[in-house]
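To start, the structure under review is shown below, and the notes come after it.
The values are calculated or read from the model by the stated rules, or taken from the named source; none is laboratory data. Every value quoted in this text rests on a predicted model; they were computed, and no experiment measured them. Note that we place each Cβ from the backbone using ideal geometry, even for glycine, and neighbour counts take in every protein chain shown. For the accessible areas, the whole protein counts, side chains as well, though only heavy atoms, and no ligand, DNA or RNA atoms are used. Shrake-Rupley method; radii C 1.70, N 1.55, O 1.52, S 1.80 Å.
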Amino acid sequence: MLRDEFSEIEEQRLNKLEKMRGQGLEPYPTRSYKTHSNADAIAAYEKEEENGSDKAVEVVLAGRLRAIRNMGKLSFAHIEDKSGKVQLLLRVNELGEEKLDEFVRFYDLGDFIEASGTMFRTRRGEVTLQVADFRMLAKTLLQLPADKDEVVDGEVVRHAQLSDPETRYRQRYVDLAVNSEVREIFKIRANTIKALREFLDERGFLEVETPILQPIYGGAAAKPFTTYHNQLHQQLYLRISFELYLKRLLVGGLDRVYEIGRDFRNEGVSFKHNPEFTQLEFYMAYADYMKIMEMTEQMVSQVAQKVLGTMKINYDGQEIDLTPPWNRLQIRQGLIDQSGIDIQQYPDAESLAAVMKEKKIDFKPGVSRGKLINTLLETYLEPIMIQPTFLYDYPRDISPLAKAKLEDPTTVERFEGYIGGMELCNAFTELNDPLDQEQRFLEMGHTYNEDEEERNPMDEDYLQAMAYGMPPNGGLGLGVDRFVMLLTGQRTLREVILFPHLRDTDQENKKV
């Protein structure tokens, strides 16, 4: 039960609640009569002040108590709503001794209060609400964590703080309640998604929704989560990508489509991986990967400008300039420059593995040539791609949905965008030959074991859709969570996902 966990201080809060009710004061009234946000109330007063008007600005404000300073015959407090903080002045002259005593006795940091009165400016210059009346909107029973005492003008003022990451992620509602900078992160996240939509909508893209529960998963290299539909007697998968459904829409004549939504991958958790994450995918008929490169750098830079007011960001101690054009680095040339290995000289996995062994590069034995090249990328190229860089022309055998280059059938028209040493996006000139696609599916089935992530199961319906004619097209997948990490300077996805997945508390206790 909730009360079984109460501390002595929280028991005191509960006693205050019971005493309020004993005096006929309702700590959880049904309605609020708030008329202005805090920011709007301040702006309304400043407008009258600027016009030289003596007109009283009367308002009803509401918010959470963020600071309290009781000084005998008067009390100062700050309340906060989504627009910011405003100071309250509660004086015995306006309220009377009994009413002011109610505030001193029953109100605590974190409580929600409604206060009515007139706005004015104090001698110290702060626009403040002169309180004529107030009431409780919601009594907070659990104390906001890690209250901090701060001396202001010789008086002790209490503020709530929370810094422990584990508590912040598990109890995000508390984190948001006490840390305004965290609320700002999620405002930036919302504005980022809005700006991504606006960018694509303005260019004639249609936002669509595709199935989350899918009979066949595909479109990415990841293990799916599985579930079971009782009525249909059918095993289903949580989608790992939108790709194959979005490209079906190109067949149907929707030339530019996109989706922003959740994908689910049954994979490890790290600072840049979460089992449930938000992705943007768009597909554009009659475009190739070079056209998609141009759109991507325009989209990312313009969204940053719209959300932050600049194309320059600071990430992990580095100033990064998102202004186009971005660097472009072909994989073969990049590996020659950084590792001394020319992958073109090693046309099979055995020869490439041998030279990697000579250079004492760690790799998983028995994997494909494409996966060996990927290991080289992670070792030599990813760490140096701090400024925005498109790494392009990938191995065919780890890119089953991309078109091969005419001059080199072992390489496909694919790029990944890197910023801050982290992959942000992945794009192809999409394969639209159904016979070639069928062969790729068959090859993937033979090349990989059942438990390997890179398997792409045969999707007969997708092949049938392609056989009706799919226009040439390019597509992009962009990790929204990682994009927000970059824009907000955060080093882990957990800071930009409201409710990240964590080990359950029983497992954590067993580890201890």
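Data table
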read-out	value
Largest-first ordering by accessible area, 1.4 Å probe, given options Leu476, Leu232, Leu498	Leu232, Leu498, Leu476
Rounded, prolate or oblate (a/c below 1.5 giving rounded, otherwise prolate when a/b exceeds b/c) for the range 283-348 by Cα gyration tensor	oblate
Net charge of neighbours whose Cβ lies under 12 Å from the Cβ of Ile384, counting Lys and Arg as +1 and Asp and Glu as -1	-3
Where labels lie 7 Å past Cα in the beta-carbon direction, separation of Gln171 and His229 in nm	4.1
Equivalent ellipsoid dimensions for the range 372-491 as semi-axes, Å, which come from the Cα gyration tensor, largest first	28, 16, 15
Length-normalised contact order for the chain - Cα pairs under 8 Å, 6+ apart - percent	12
For the range 394-441, projected area of the alpha-carbon convex hull averaged over all directions, nm²	3.6
Within the chain, longest stretch clear of exposed GluC sites (Glu not before Pro) (DSSP loop, no more than 11 other Cβ within 10 Å)	1-201
Cβ-defined net charge surrounding Asp255, 12 Å radius [Lys, Arg +1; Asp, Glu -1]	+3
Reference-scaled alpha-carbon Rg (2.2 N^0.38 Å with N residues) for the range 304-432	1.15
Sparsely packed trypsin sites (Lys or Arg not before Pro) within the range 47-109, loop by DSSP, other Cβ within 10 Å at most 12	Lys55, Lys73, Lys82
Relative pair counts by distance (%), Cα atoms of the range 50-144, 5 Å bins	3, 13, 25, 27, 17, 9, 4, 1, 0, 0
Relative contact order %, the range 201-309, counting alpha carbon pairs below 8 Å whose residues are six or more apart	23
FRET efficiency, 1/(1 + (r/R0)^6) with R0 56 Å, evaluated for Glu407 and Asn266 via beta carbons	0.90
Neighbourhood net charge (14 Å Cβ-Cβ; Lys/Arg +1, Asp/Glu -1) for Gly63	+2
Gyration tensor (Cα) of the chain, equivalent ellipsoid semi-axes in angstrom	56, 25, 23
Relative contact order [Cα under 8 Å, 6+ residues apart], the range 287-379, whole percent	17
Two-decimal Rg/Rh across the range 172-227, once Rg and the Kirkwood Rh are taken from alpha-carbon atoms	1.15
